[in-house]
Amino acid sequence: MASTISSTAPATSTSTGSSAASTVISSTGIGSGLDINGIVTSLTTAAGLAQNNQLADRKTTLTAQVSAYGTFSAALDTLQATLTTLTDPKTLAGRTVTLGDDKIATASATSGAIAAQYSLQVQNLATAATLASQPLASGATVVGTGTLNIAVGGSAASITIDSTDNTLAGIAAAINSSPNNPGVSASILTTSAGARLVLTGSVTGSANAITVTQSGGDGGLASLAYDPSNGVTNLTQTQAATDANFSVNGFAATSASNQVSSVISGVTLNLLSASAAGTPTTLTVGNDTAGAQTSIGTFVTALNGLITSIQSLTSYDPSTQTAGPLLGNATLQSFQNQLEKILDQVTSGNAATGTSLASLGLSANPQGTYDTNSTTLGNALTGNLASVTGFFSGPNGIATQLNTLVNQYAQPGGLLDSINQGLKSSLTDVANQQTALNARLATYAATLTQEYNAMDTAVALLKQTQTYLTAEFNPSSGSTSSSSTNSSLGSGNLSTGG
């Protein structure tokens, strides 16, 4: 029984040459009475115990590290998502726009808009042209064939009408489906007077009047012609194409569109209706301090989440003697040192200028995270929003520096990516070692089984010989005295009967 894990099993087992021996070989343990399977299992388990435990511990450690780095990476991603707003001064230093009468207009502003108050009055909105034909019996009434030439502003299209679409409804469908439609939609309006073809321009402004001329065919399309400059008005203009007319601070302005972005710098107006009785309304552009405060508050929450995550991963509880999976980890220690260096920056200034985290009401607490004083933060934003914006989003701003730091670790191909690849490679190596160990233990178990089976066969043969000799030297004992004969053989005494 001197085999080890590295030994190899014999190629074949010894043959006894007897049917009894064959029976013993196929019935493990019958000859010796031993639990061969149990013995082999115990010896194999004992032989591989140290290495199995070592590999299991190694796998547990590596798996815990993969999970821990995943937690750290998720916290970095959450923080970086909040930095997008803080690193862009245009999104952090937003503007609000309010109107005294939001039925007249709505408005939005970029960070480039100047906080100020304006007076807005709308005389009329910009409109698109609308033309209508004379009433016919129905949409199925035939109008005629030929070519309709429709122009809107500087765009024009020629639409051929033949016998397949020469009805009022067919002409509307041909106009709508034209691949080079110049910006006109056609519909059928049916009233008590009959069915009319209605042409509506899709673009507002006085430069986008609609003209319709016809040529060829049977001449029936002439009823749809509208070219007032040449005295042709067979269609009725129900609405003219006009520019919007309005005034800001009493100064007149016009626009081909009801969406106006060229009058107040950084402000886009959406004109909705004319002012009632010519009464102007106020338009106020202000600083979006509420939006900035929300963005900074979201950042602090994510920052605290990251700090708490690092503390948990690198912690040690002396009462339970439990260590975090990344206790003493150089990667997290380096990141934490760089993070604290950025957050500890304080430049000269006060709460009005917002030149430090403390001046913004963001202070470190004993737990290592940050508390937010919303009143102090609100005052700093109201007092000098531009300074606060520069503190976060300038070239050397806190958010800019943090974003650079996080990128070093979290970006594809960055430090965490390399570490994770290394951990996955180590887990693969452990799996390969486990497979190899299992194979060696299987060979070891097979060798032990063959050796014990050989021993069992030898014991069975010895018992057969003992039975034979007992019967030869003591015939009268028969098979019933086999136990006493075995005892005699066992003691080394044989009776000769003389």
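Looking at 454, 439, which one is at negative phi, touching a helix residue (DSSP H, G or I) at 6+ places or on another chain (Cβ under 9 Å) and either at pLDDT below 90 or not aromatic (Phe, Trp, Tyr) (or both)?
Exactly one of 454, 439 is at negative phi, touching a helix residue (DSSP H, G or I) at 6+ places or on another chain (Cβ under 9 Å) and either at pLDDT below 90 or not aromatic (Phe, Trp, Tyr) (or both), namely 454.
Starting from the stretch 206-221, take each residue that is touching a residue at least 12 places away in the same chain (Cβ under 8 Å) and closer than 19 Å to residue 186 by Cα and list its partners that are buried (at least 19 other Cβ atoms within 10 Å of the Cβ) and among the β-branched types (Val, Ile, Thr), counting only C-beta distances under 6 angstrom and pairs at least six apart or across chains.
So the pair list comes out as 208/152; 210/152; 212/150; 220/143.
Being touching a helix residue (DSSP H, G or I) at 6+ places or on another chain (Cβ under 8 Å) and either small (Gly, Ala, Ser) or free of Cβ contacts under 8 Å to residues at least 60 places away in the same chain (or both) is the filter here, so list the residues in the stretch 92-138 that pass it.
93, 94, 111, 112, 128, 129, 133, 138
Exactly one of (1) touching a residue at least 40 places away in the same chain (Cβ under 8 Å); (2) under 31 Å from the mean Cα position of the chain (by Cα) is unmet by residue 330. Its number?
Tallying (1) touching a residue at least 40 places away in the same chain (Cβ under 8 Å); (2) under 31 Å from the mean Cα position of the chain (by Cα), residue 330 fails exactly one: (1).
Specify the residue that is surrounded by the most Cβ atoms within 10 Å (Cβ to Cβ); the eligible residues are those in the stretch 411-430 that are closer than 30 Å to residue 41 by Cβ and in contact with a helix residue (DSSP H, G or I) (Cβ under 8 Å, 6 or more places away or on another chain).
Once the filter is applied, the top-ranked residue is 430.
Answer yes if at least one residue in the stretch 322-329 is at pLDDT 90 or above, outside any strand (DSSP E or B), hydrophobic (A, V, I, L, M, F, W, C) and touching a Ser or Thr at 6+ places or on another chain (Cβ under 8 Å), and no otherwise.
Yes, the stretch 322-329 contains a residue that is at pLDDT 90 or above, outside any strand (DSSP E or B), hydrophobic (A, V, I, L, M, F, W, C) and touching a Ser or Thr at 6+ places or on another chain (Cβ under 8 Å).
Quick one: would you say residue 193 is farther than 26 Å from residue 258 by Cβ and modelled with pLDDT of 95 or more?
Yes: the conditions hold for residue 193.
Is there a residue in the stretch 167-183 that is out of contact with any Cys (no Cβ under 9 Å at 6 or more places or on another chain), in a strand (DSSP E or B) and under 30 Å from residue 260 (Cβ atoms)?
Within the stretch 167-183 (the criterion being out of contact with any Cys (no Cβ under 9 Å at 6 or more places or on another chain), in a strand (DSSP E or B) and under 30 Å from residue 260 (Cβ atoms)), the answer is no, since none of the residues qualifies.
For residue 332, work out the one condition from (1) at pLDDT below 95; (2) over 15 Å from residue 369 (Cα atoms); (3) surrounded by fewer than 19 Cβ atoms within 10 Å (Cβ to Cβ); (4) not aromatic (Phe, Trp, Tyr) it doesn't fulfil.
Of the numbered conditions (1) at pLDDT below 95; (2) over 15 Å from residue 369 (Cα atoms); (3) surrounded by fewer than 19 Cβ atoms within 10 Å (Cβ to Cβ); (4) not aromatic (Phe, Trp, Tyr), the odd one out for residue 332 is (3).
Please determine whether any residue of the stretch 373-384 is modelled with pLDDT of 90 or more, loosely packed, with under 14 Cβ neighbours inside 10 Å, on the phi < 0 side of the Ramachandran plot and outside any helix (DSSP H, G or I).
Scanning the stretch 373-384 turns up no residue that is modelled with pLDDT of 90 or more, loosely packed, with under 14 Cβ neighbours inside 10 Å, on the phi < 0 side of the Ramachandran plot and outside any helix (DSSP H, G or I).
The values are calculated or read from the model by the stated rules, or taken from the named source; none is laboratory data. Bear in mind that the values here come from a model prediction, so they are computed numbers and not experimental data. All Cβ positions, even for glycine, are placed from backbone atoms using ideal geometry, and neighbour counts span all protein chains on display.
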